[in-house]
Structures are given as structure tokens and as C-alpha cells.
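The values are calculated or read from the model by the stated rules, or taken from the named source; none is laboratory data. Keep in mind the model is a prediction, meaning the values are calculated, not measured. Here the Cβ positions follow ideal geometry from the backbone for every residue, glycine too, while neighbour counts run over all protein chains shown. When the accessible area is computed, the model is the full protein with side chains, heavy atoms only, and any ligands, DNA or RNA have been set aside. Shrake-Rupley method; radii C 1.70, N 1.55, O 1.52, S 1.80 Å.
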Amino acid sequence: MTADTKEPKNRYQTSPRAADYTIDQAWESYSAEEHDRWDRLFRRQIEVTKGRACTDVLQAMAELELSPSGIPDMGKLTDRLEAITGWRIVPVAELVPDEIFFDHLANRRFPAGAFIRPESEFDYLKEPDIFHDIFGHVPMLANPVFADFMEAYGKGGQRAMQLGQLHNLARLYWYTVEFGLIREAGGLRIYGAGILSSPNETVFALEDDSPNRIGFDLARIMRTKYIIDDFQQTYFVIDSFEALLEACYKDFGSVYGDVKGKTDLEAHEIEQGDEVITRGTLDYFHKRKAVR
Ligand code: HBI
Ligand code: FE
């Protein structure tokens, strides 16, 4: 059996790291190409995001001074974010183990990838790079209610691991923090980071008739599988961040009990009792299957 020689995906993976997986961002080590790539990602995405991201995200981007002026120095950005909600951004080289990730969140530290995607993965990459984490996740951490939700999520994560319910909680993260939609007076808007950092999914999630859009329901989300490497087949919609926090600010023990007794749902399924906002045609996904 040959040793699994894991080639470092990015130069940070060979950086010395602390026990909590944090590294030094070494902001001065970014090349001109990397700064330029950030600017091109930013300029493309900010155009698509206007009119589609929720009000709080757009306001926070201005407040945090996110801009196409090169890769942000996390130390400076952290100072601005910390002054608003007490959250800090800590550089990491890659995905960190769940228990480390939850501990950071529980202490208002957001682990952000320090590397930027290679040109060959300009449109999509699996791992969270600095553009996904900072353009996608950081603005919402400036919203005081969502900041409380993320801290509670971190604390819940540690408990979920003890109860063996991590996969249920990961679904909550996926369908809110990564792919959540919110109702506003002007219509549905985006707050999920996985959508916000993706030009195509930013349009698809709001305007395509393929996916389902269903009202938020905690136990229902915990039973719903998700797709990793394609657009979502279902998006869940919250009425407000206060409502999200309210729904989740309780002991999940009873919810886990409720979920345990029921079957999981496929990502495209709609079940009795769902608040169906739009019933998807799902044709996008069938087509893709045909293509594959
Ligand atoms: N690590 N750096 C990083 N970023 C993430 O978003 C992340 C992670 N580790 C685990 C994880 N996310 C997911 O398993 C969460 O659902 C917990
Ligand atoms: Fe993410």
C-alpha cells in the first residue's frame, strides 16, 4: 500500500500551525497575481450580488470596507469586525477538524482559509478559500443576531458530537449559513455564504424554477440530505435572523429525539406539512444527470 503522499493543495498547508489549526496569514507574501485574482473575483461577484444579497450583507460589506483592492489583511479586517460584534477572523490553511471548528465558533472566532483559489479553479472549488470565507461568510458575522446564532451553533456542535448527531447539525449549517435565503419586503434575498461566493448560484437560487424553496423548519432541515458539488435542489427560507436564532436557541436534545424517529429526506423531496414557497421543476438536475 503506497503511503498517501498528500501533495499540499496550497502553500499554507506547509506553514507551521498552532494546536487550534491557526496559522500566520503572512499577508505580505501574497503575489501580485493573487491580489489581482481577488480583485477579479470581487468585481464579478459584487455585480451579481447587488439586488440579490440581503440588506444586512450589503450594508456590512460597506461597513467592513470589503473592496477590490487586493486580498484583505485579516488582522485589519478583524479589528473592524470585532468592534461591531466581537467576532474575530483567524487564518487557517484548510478545513479544520469539526471539534476545532466548533470550538472556534463557540468563542467567536471564524476560521478563514488564507489561501486563494488557483486560476484553474476560478469559478468553483471544493475547499473554502479566502474569497469564499471573507466575501461569503464575514459580512453576516457583522449582524449582531446572526453573530449570536453562529456562537450558539458552535456550542451546539460540541454537544452534537457527544450525542452522535453531528450529521443533523451539519445540515442546519448547510441550509442556513451556507445556502440560506431570507424573506424581505422586496422578495427573497440571499444570506448563505455558499451562494454569495458563487456567481451562478447567486442567480440560480433566486431566479431559476428548478429548485424547491421551502419555509425554514429546524427538524425538517435536520432530516434533509444535501448536495455537495452542485446547486442545491432545495433552499430553505427564514423570515428574519431573529426568527432563526429563536428557533435554534433551545436545547436540541428534544429536536434530535424527534428527528431520530423519522426517515431522512432526499435533497429534492417535498413532504406533507412543508411550507412550499416555490415547488421546483427539478428539470435542471435531471438534465445534468442526462449530461453525466
Ligand atoms: N473548517 N476551515 C473550516 N471551514 C469550515 O467551514 C468548516 C471546517 N471544518 C468543518 C466544517 N466546516 C463543517 O463540518 C461544519 O459543518 C461543521
Ligand atoms: Fe463556508
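The figures follow:
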| quantity | calculated |
| --- | --- |
| Residues located in the range 22-51, provided they are open to solvent by less than 30 Å² (accessible area, probe 1.4 Å) and on the phi > 0 side of the Ramachandran plot | Ala26 |
| Residue that is modelled with the lowest pLDDT [pool: residues in the range 234-252 that are more than 21 Å from Lys262 (Cα to Cα) and touching a helix residue (DSSP H, G or I) at 6+ places or on another chain (Cβ under 7 Å)] | Tyr249 |
| Residue that is open to solvent by less than 60 Å² (accessible area, probe 1.4 Å) and either modelled with pLDDT under 95 or closer than 25 Å to Gln158 by Cα (or both), where the choices are Phe131, Phe146 | Phe146 |
| Enumerated strands (runs of 3 or more DSSP E) restricted to the range 94-213, each holding at least 2 residues that are within 14 Å of ligand 1 (Cβ to nearest atom), touching a helix residue (DSSP H, G or I) at 6+ places or on another chain (Cβ under 9 Å) and under 26 Å from Thr22 (Cβ atoms) | 109-113 |
| Residue within the range 261-269 that is farther than 20 Å from Trp174 by Cβ and of a type in the set (Gly, Ala, Ser) present | yes |
| Per-region count, the range 52-100, residues open to solvent by 30 Å² or more (accessible area, probe 1.4 Å), closer than 19 Å to Gly192 by Cβ and of a type outside the set (S, T, N, Q) | 4 |
| Residue pairs meeting the criteria (Cβ under 6 Å; at least 6 apart or on separate chains; first at pLDDT 95 or above, in the range 27-54; second among the aromatic types (Phe, Trp, Tyr) and surrounded by 14 or more Cβ atoms within 10 Å (Cβ to Cβ)) | Leu41/Phe131; Cys54/Tyr191 |
| Pairs where the first residue, in the range 169-189, is of a type in the set (Val, Ile, Thr) and the second is away from ligand 1 (no atom under 16 Å from the Cβ) and in a strand (DSSP E or B), C-beta under 9 Å, 6+ apart | Thr176/Ile238; Ile182/Leu188; Ile182/Arg189; Ile182/Ile190; Ile182/Val237; Ile182/Ile238 |
